[in-house]
Amino acid sequence: MSELKPSDLDMEQQAKFDKELAWCIRKLYSKLEHEKKDNDKKINEIIKSINTLKNPSELLIKKRQVMFKMLGDYRAKMKAEESKKPLAKDEMKVKFLNDEGQELKNSKYIKKSHHKTDEPHKNVETNLKNLNLNDKKPEENYFKMESDKTTDFKFNFEVE
């Protein structure tokens with residue numbers, strides 16, 4: 001049997017494998033979050049498995065082995081999880097109802113606007129009057145550089 005990589009599959013198989021792979025990686029991350037901190041061996045095993053599954057150059061059979069080893073019959077678990085969901089997100093429908101409970105056919109969203117003054121330049125003038133620029137003077141030494149440094153900059157290696 002030749003060594004298959006995930007990119008060697010046809011489009012349908014690739015999509016199915018990607019879905020299984022994403023599900024397994026998500027479950028492993030969930031396992032990692034719930035694993036106790038003092039169980040380093042188990043944590044390292046989960047991290048190693050995640051890295052193997054995320055590696056694009058890893059062989060397909062190796063990824064499937066890791067998925068089965070860490071999660072058991074992951075395909076059956078995926079099906080069970082999907083059957084528990086009431087509706088998929090793309091199958092959900094949203095209905096907008098009016099006060100009487102009837103469905104609205106044409107709904108409109110009206111954005112609340114900000115109060116605008118008749119003369120916007122007056123606000124700027126008022127703000128400039130309230131602003132006092134002469135309150136504080138900058139310190140005299142603020143823009144001076146230290147000229148009395150005792151050490152010069154040196155690299156920490158020798159050139160031959």
Listed residue pairs exceeding 18 Å between alpha carbons, taken from LYS27/LYS85; LYS48/LYS77; LYS27/LYS79: LYS48/LYS77
Which listed pairs, of LYS19/LYS84; LYS19/LYS54; LYS19/LYS42, have C-alpha distances above 19 Å, in listed order: LYS19/LYS42
Listed peptides 72-80, 34-42 by packing density, highest first (mean Cβ within 10 Å): 72-80, 34-42
Computed over the stretch 6-85: relative contact order in percent, which uses C-alpha pairs under 8 Å that are six or more apart: 32
For the stretch 6-85: span of alpha carbons on each principal axis (Å, largest first): 43, 34, 15
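Read-outs throughout are calculated quantities, based only on the coordinates presented, and are distinct from any laboratory measurement. Source: prediction; values computed, not measured. Don't worry about glycine lacking a Cβ; one is built from the backbone with ideal geometry, like all the others, and counts go over all protein chains shown.
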